[in-house]
Amino acid sequence: MKIAVQSQAFELQTEVAALYRANPRVGAVAAFLGLVRDVNEGQSVSAMTLEHYPGMTEKALADIVAEARTRWEVLDACVIHRVGPLQPTDPIVLVAVASSHRGDAFAACEFIMDYLKTRAPFWKKEATPDGEKWVDARESDDTAAARWEGA
């Protein structure tokens with residue numbers, strides 16, 4: 001398992017390949033790559049800064065992956081989340097899950113991303129034409145995470 005909170009960029013292909021190259025049991029890898037958009041809620045975004053709570057953030061991510069492993073067959077996983085200043089089109093987050101079968105890989109990847117959005121202590125500040133503003137939590141993220149409760 002790889003859990004990383006970092007300011008430096010990551011290489012998608014390198015991270016995904018690391019999940020399957022050493023394990024012939026892997027039959028599927030599902031990955032989600034989140035990017036900085038240049039528009040949020042109809043407003044132009046020229047830059048984004050992400051902050052986190054060191055130590056607590058990594059523990060929250062590890063706990064989310066551990067929970068996914070209790071629900072699905074997860075052979076390996078990679079969660080990388082960037083912090084610091086970012087520009088539109090920069091990668092922010094990678095969630096990749098390796099499993100023997102695609103169903104487990106897809107479900108675990110989606111679960112990890114949904115829980116990351118609502119349970120990991122990250123804060124986003126966007127630079128807009130009206131100045132900098134903190135991004136509020138979204139109800140749609142809470143709804144996405146809630147569907148896994150009791151599942």
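Key figures
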read-out: Qualifying residues in region 121-147 (those that are in contact (Cβ under 8 Å) with a residue 40 or more places away in the chain and in contact with a helix residue (DSSP H, G or I) (Cβ under 8 Å, 6 or more places away or on another chain)) - the one farthest from PRO91 (Cα to Cα); value: PRO121
read-out: Leading residue by the ranking (nearest to the chain's Cα centre (by Cα)) among those in region 29-55 that are part of a loop (DSSP other than H, G, I, E, B) and either surrounded by 16 or more Cβ atoms within 10 Å (Cβ to Cβ) or touching a residue at least 40 places away in the same chain (Cβ under 8 Å) (or both); value: VAL36
read-out: Test: residue in region 59-68 that is more than 12 Å from the chain's Cα centre (by Cα) and farther than 21 Å from ALA144 by Cα; value: yes
read-out: Hits in region 126-151 - residues which are surrounded by 15 or more Cβ atoms within 10 Å (Cβ to Cβ) and under 17 Å from the mean Cα position of the chain (by Cα); value: VAL135, ASP141, ALA144, ALA145, TRP148
read-out: Which numbered condition VAL26 misses (of (1) closer than 15 Å to LYS117 by Cα; (2) outside any strand (DSSP E or B); (3) touching a Phe, Trp or Tyr at 6+ places or on another chain (Cβ under 7 Å)); value: (1)
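The numbers here are math on the coordinates, done by the rules we state, and not lab data. The model shown is predicted, which means the values in this text are computed figures rather than measured ones. Here the Cβ is made from the backbone with ideal geometry for all residues, glycine too, and neighbour counts use every protein chain on show.
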